Structures are given as C-alpha cells and as structure tokens.
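For reference, the structure is listed below as structure tokens.
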Amino acid sequence: MPELPEVETTRRGIEPHVLGQRIESLLLRRPDLRWPIPDHLVRTLPGREIEAVRRRAKYLLIDTEPGSMLIHLGMSGSLRVLTPGFGAGKHDHYDLALGSGQVLRYNDPRRFGCLLWQAADETHELLAALGPEPLGDTFDGDYLYSLSRGRSAPVKAFLMDQSVVVGVGNIYVAEALFEAGIRPTRAAGKVSRAAYGAVAMAIRRILAYAITRGGTTLRDFLKPDGEPGYFEQELSVYGRAEEPCRVCGKPIKQVVQSNRSSFYCPSCQK
DNA sequence: CGTATTCCCTGCACGC
DNA sequence: TGCGTGCAGGGAATAC
C-alpha cells in the first residue's frame, strides 16, 4: 500500500495512541527486515518517552530524547495499534509496548521495509539526499522544469526518483501524469514548463486528496483486520489496462518501464 | 554525474 | 489438487 498518502495516514492513525507514551519494551521477533535491526534498540528504547511522530518522504520517525526510530513500510509493511490480547501472526516482526498497555505492531510479509535508528543530532544517510516534499512550499512546476533539463530518462522515472521529489510511487505517478496529459514515456527533458506546472499541481492535488480518503480508514485503525482499498475505485488509469478512459473512452494502455507497469491513455496523454 | 538493470522477499492469481 | 509462472504499490546496489 504505502506511497506518501498511506504513510501519512499511518502517521495520523498511530499518533494519538503513541504520542507522549512511555516505551516499555521493544520485542523483536526476527533480527532483520531489509537490513539488520540495530540490536541496541531493545536497550535504548525502554523508559523513553515518545516526543513526536513525524513523516519524511515515505519514512516514519518516532522521536525520543536520544534519537528516532526510522521506519519504512516497503511495499507490504503496516503498523497497527493494538490492545493486548491479539496473538502475533506470521509476519508480525516487532512490537513496541507502550505505557498505556497498548502495543504498536509492525507487520511486513515481504520484508522490504526497515527499522533503523537516527541519533538525535544526525541525519540518517537514507534521508540525506531526498528531494522536497510534494506538499511543501518549495515544490512546483518551475522546480521540476529546471531540474529536468537535459535529462533523457522517462518523465515517469524522473518523478519517481526520490531525490527529485519524494513520496510519489507507481500508482500516483500514473494518476498525476494522466491528469496533466503527459505520457509516462516522454523524456523528462522534453516536457515543457507549462506541462510541469500541470503535473506539479496534479501531484499535490491527488496526494492531498488521497490523504483525506485515507482518513476514512482512520476510524478503523485499531481493528486488526485489513483496511479496504479506499482509493481504488477512483483511479483513472492505474490498473485499468484495456478499460475505457473515463474522459475519452479509448482503451487505457499498459506498458512496462524499468520493469514496472505504466498505464496511460493514448489519446489524452501526449 | 545520469541511466538502465537486477535483486531483496512472500503471497496471490492464473493457466495447465 | 498441485505446480509453475508472472506479477505486486519501494528502492538500494550495481554496471555501464
């Protein structure tokens, strides 16, 4: 699930339950996800108070006085706040037990996610080269236009490059390029300033809207069962190969770019 | 430096 | 029913 809206939805979902809580313990059920989980965390975290729950790009940061838990959900990760009594499932890799008696539990079948540590006075290497937040003040069409000059890579790859702009994944890039009328296969350096203005607006609008839709799942956040695909029925092109374009009726095309599926309308996107 | 490819891992839908 | 294949929303590592 997790592109930026899903991560932000997770942040908002867990924040009321974990902010200000004392960490009682960290239970690791396996020593590694994508990378080894620093083993000092089981000693460092107990007794600390959670001071903030932040998001940077697709990372969640849970702040304590000596530093922050750095959490990425990868492609299949999720965090859930549970009241005691739920047995751990197969892919429940760690539990953070809180003073309230509740537990913050991480589940990730594919283990592409990570749990790392960022000391209070440092910026983790993984966060060092990230581009601007798409919903922040510095992100706009002129920024994309300037950065893209001379680039031959497809505009889709350019927009998914986390050093260009963060948080845009395979689904939302397809939707934003559709809304802006740009084919994902165009060279990034050949897209006009006006078109980048449109795509920047589309990215902001779609991500912000998806976050509000994610809000509908917040009410169910404490439930241990899976959340519904809240945004799925509103997608214009993603996953709709051969289905009629909602604007012009022509069949949506699916192509493979750098080993991942791209979707676009051959009539609406030039 | 930028670009393209490969790989990490498990689960699931599909065809035979 | 079982087995093989391809695919999945991320992104780092590697090879040019």
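The values are calculated or read from the model by the stated rules, or taken from the named source; none is laboratory data. This structure is a prediction, so every number in the text was calculated from the model and none was measured. Reconstructed Cβ throughout: ideal geometry from the backbone, glycine too, with neighbour counts over all protein chains shown.
Step by step: first the residues of region A:99-118, then only those that are part of a strand (DSSP E or B) and of a type outside the set (S, T, N, Q), then the one that is surrounded by the most Cβ atoms within 10 Å (Cβ to Cβ). Which residue is that?
Going residue by residue through region A:99-118, those that are part of a strand (DSSP E or B) are A:103-107, A:114-118.
Imposing the further condition that a residue be of a type outside the set (S, T, N, Q) reduces the set to A:103-106, A:114-117.
Details: A:Val103: 23, A:Leu104: 23, A:Arg105: 21, A:Tyr106: 21, A:Cys114: 20, A:Leu115: 25, A:Leu116: 21, A:Trp117: 17.
Going through the qualifying residues, I end up with A:Leu115.
Just wondering, is there one or more residues in region A:119-131 that are in the same structural domain as A:Leu19 (by TED's automatic domain parsing), assigned to a strand (DSSP E or B) and over 30 Å from A:Ala241 (Cβ atoms)?
Checked against the condition, which is being in the same structural domain as A:Leu19 (by TED's automatic domain parsing), assigned to a strand (DSSP E or B) and over 30 Å from A:Ala241 (Cβ atoms), region A:119-131 yields at least one hit.
Filter the strands (runs of 3 or more DSSP E) completely within region A:11-98 down to those with at least 3 residues that are modelled with pLDDT of 95 or more.
Per the criteria, A:23-28, A:52-56, A:59-63, A:67-72, A:92-98.
Which condition number does A:Asp161 fail, the rest of (1) farther than 18 Å from A:Arg213 by Cβ; (2) of a type in the set (Asp, Glu); (3) away from DNA strand C (no atom under 14 Å from the Cβ) being met?
In the conditions (1) farther than 18 Å from A:Arg213 by Cβ; (2) of a type in the set (Asp, Glu); (3) away from DNA strand C (no atom under 14 Å from the Cβ), A:Asp161 misses (3) alone.
Working carefully through the options A:Asp108, A:Asp137, find the one that is under 25 Å from A:Leu207 (Cα atoms), away from DNA strand B (no atom under 16 Å from the Cβ) and out of contact with any helix residue (DSSP H, G or I) (no Cβ under 8 Å at 6 or more places or on another chain). Talk me through it step by step, then tell me what you get.
Details: A:Asp108 fails: away from DNA strand B (no atom under 16 Å from the Cβ).
So the residue among A:Asp108, A:Asp137 that is under 25 Å from A:Leu207 (Cα atoms), away from DNA strand B (no atom under 16 Å from the Cβ) and out of contact with any helix residue (DSSP H, G or I) (no Cβ under 8 Å at 6 or more places or on another chain) is A:Asp137.
If the requirement is being loosely packed, with under 15 Cβ neighbours inside 10 Å and farther than 18 Å from A:Tyr172 by Cβ, which of these qualifies: A:Arg43, A:Arg48?
A:Arg43
Restricting attention to region A:187-194, does a residue exist that is out of contact with any His (no Cβ under 9 Å at 6 or more places or on another chain) and crowded, with 17+ Cβ neighbours inside 10 Å? Talk me through it step by step, then tell me what you get.
Looking only at region A:187-194, we keep the residues that are out of contact with any His (no Cβ under 9 Å at 6 or more places or on another chain), and these are A:187-194.
Pick out the ones that are also crowded, with 17+ Cβ neighbours inside 10 Å and you get A:188, A:191.
Yes, region A:187-194 contains at least one residue that is out of contact with any His (no Cβ under 9 Å at 6 or more places or on another chain) and crowded, with 17+ Cβ neighbours inside 10 Å.
So that you can scan it fast, the table gives a plain yes or no per residue for (1) at pLDDT 95 or above; (2) of a type in the set (A, V, I, L, M, F, W, C); (3) farther than 24 Å from A:Glu8 by Cβ; (4) in a helix (DSSP H, G or I):
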site	(1), (2), (3), (4)
A:Gly167	no, no, no, no
A:Tyr172	no, no, no, yes
A:Phe178	yes, yes, no, yes
A:Ile182	yes, yes, yes, no
A:Ala194	yes, yes, yes, yes
A:Ile203	yes, yes, no, yes
A:Leu207	no, yes, no, yes
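Within region A:96-115, can you find the residues that are on the phi > 0 side of the Ramachandran plot and either within 21 Å of the chain's Cα centre (by Cα) or aromatic (Phe, Trp, Tyr) (or both)?
Residue satisfying the conditions is A:Arg111 alone.
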